[in-house]
């Protein structure tokens, strides 16, 4: 039996790519033929995948997984397959967040959701990497759904961190960290407003560190730079690092005092789990997948009033007893994540699927 995975873009170190790699290794260990087929891939992944141009049509007894996170030519091709079909949905941001910044991005988001809806009559099982995403699948009309969480390579986080990056930010300032794409749904403007409040009313020794690609949406990024200037935030008070290496990112987790997310749309939120591993307290706006990923850990907030958020950041960063309690809750949640048997969960979904076909 063949168990193949289709993924538009296969990236090393990417949460979706790591999950696909983990699944392939598991299927191979169970004696199945298994390959990852993609349209594009990072250099160095040639031995771990095949281009979709080399994909041979599977038989009715085979199983095909489709990692869905963007519109692509894989969607109509997937519909035509005779195999048992499973999608693993990784979320698509609603187009409303992009209409003021990029017609093309808005179009792609709209098209992605339309393509997802087109799959409903053809999919035997629709998996989602979070409960929030699973509920979206139900809204789209998928009948049989379940959660299959992202694979997290915990060993990756044991690698050495960048001492240079750590020392660069290791001073008397309170470091607020955010990691994610620089796009409107992340509401980075609200992070800037909170930083301004903190500087003016709590302490001038503040720094906002924002890590993520700045090239995703130039118009939005340029607007953030103008906003920081209008709020008189100096380069030492707000820092956009751009895309950085894992070693540099690990250093930022270690040197920061609080992770603050005021994002309004998250499909999963891997940085929250990373914060748990580095014992960095999380404050996050309570929306979309955030409460499902954090569970009863971290600090969930239901509004973004800057004085409330700013004072809470100060409390989490400087009150040792409060900070320790938050971190302890995050440790308990991390323990639950680490105890998940994803192989058993995947096998259960797989056995149910193949039993039905028999």
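Relative to the longest principal axis of the chain, what angle (0 to 90°, nearest 10) does the C-alpha long axis of helix 342-357 take?
30
How big is the antiparallel share of DSSP beta bridges in the chain, given as a percent to the nearest 5? Could the numbers behind the result be given before it?
Values: 0 of 43 bridges.
The antiparallel proportion sits near 0 percent.
Helix 188-197 against the longest principal axis of the chain: what's the angle in degrees, Cα atoms only, rounded to the nearest 10?
The helix 188-197 is inclined about 20 degrees to the chain.
Extent of the range 230-358 along each principal axis, from alpha carbon coordinates, in Å, largest to smallest?
67, 33, 28
Before rounding to the nearest 500, sum -39500 (n - 2.57) across all DSSP H runs of length at least 4 in the chain and divide by the residue total; then give [θ] at 222 nm in deg cm²/dmol. Each step should come with its number before you reach the end.
Details: 13 runs with 149 residues, N = 358.
Taken over the chain, the calculation gives -13000 deg cm²/dmol.
Under a GNM of the chain (C-alpha, springs under 10 Å), which listed residue has the highest mean-square fluctuation: 168, 294, 119?
The residue with the greatest mean-square fluctuation here is 168.
Which whole-number percent is the relative contact order of the range 137-215 (Cα, under 8 Å, 6+ apart)?
Values: 52 pairs, mean separation 25.8, N = 79.
It rounds to 33 percent for the range 137-215.
In a GNM of the chain with a 10 Å cut-off on Cα contacts, which of 19, 145, 99 has the highest mean-square fluctuation?
Answer for the Gaussian network model of the chain: 99.
Looking at the chain as a GNM with Cα springs under 10 Å, which of 303, 243, 11 has the largest mean-square fluctuation?
Between 303, 243, 11, it is 303 that shows the largest mean-square fluctuation.
By how many degrees, 0 to 90 and rounded to 10, does the Cα axis of helix 131-140 deviate from the longest principal axis of the chain?
50
Looking at the range 1-67 from every direction and averaging, what is the projected area of its Cα convex hull in nm²? Walk me through the intermediate numbers first.
Values: hull surface 16.8 nm².
Average of the hull's projected areas for the range 1-67 equals 4.2 nm².
Please report the base-10 log of the normalised intensity I(q)/I(0) for the range 135-182, using a Debye sum with one equal scatterer per alpha carbon and no solvent, at each q in 0.15, 0.29 (1/Å).
-0.74, -1.09
Would you mind calculating the relative contact order of the range 235-287 from Cα pairs under 8 angstrom and at least 6 residues apart, reporting the percent as a whole number?
Numbers: 35 pairs, mean separation 21.5, N = 53.
Computed value for the range 235-287: 41 percent relative contact order.
Compute log10 of I(q)/I(0) for the chain with the Debye formula, placing one identical point scatterer on every Cα and leaving out solvent, at q = 0.10 Å⁻¹, to two decimals.
Calculated log10 I(q)/I(0) at the listed q: -0.65.
Can you give the direction-averaged projected area of the convex hull of the alpha-carbon atoms in the range 1-151, in nm²? Kindly include the intermediate steps, with their values, before the conclusion.
Details: hull surface 36.2 nm².
So the mean shadow area of the Cα hull is 9.0 nm².
Kirkwood hydrodynamic radius of the range 64-204 from all distinct Cα pairs, in Å? Could you put the intermediate results ahead of the total?
Numbers: mean 1/r = 0.0542 Å⁻¹.
When all Cα pairs of the range 64-204 are included, the Kirkwood radius is 18.4 Å.
Report, in whole Å, the centroid distance computed from the Cα atoms of the range 113-184 and the range 322-347.
16
Divide, for the range 156-338, the radius of gyration over alpha carbons by 2.2 N^0.38 Å, where N is the residue count. Intermediate results must be reported in sequence, preceding the final value.
On the way: Rg = 15.2 Å, N = 183, 2.2 N^0.38 = 15.9 Å.
With N residues counted in the range 156-338, Rg over 2.2 N^0.38 Å equals 0.95.
With an 8 Å cut-off on Cα pairs and a minimum separation of 6 or more residues, tell me the relative contact order of the chain in percent. Walk me through the intermediate numbers first.
Details: 626 pairs, mean separation 47.1, N = 358.
Taking the mean separation of contacting Cα pairs over the length of the chain, I get 13 percent.
Values in this text are rule-based calculations from the coordinates and carry no lab data. Since we're looking at a predicted model, the values are computed, not measured.
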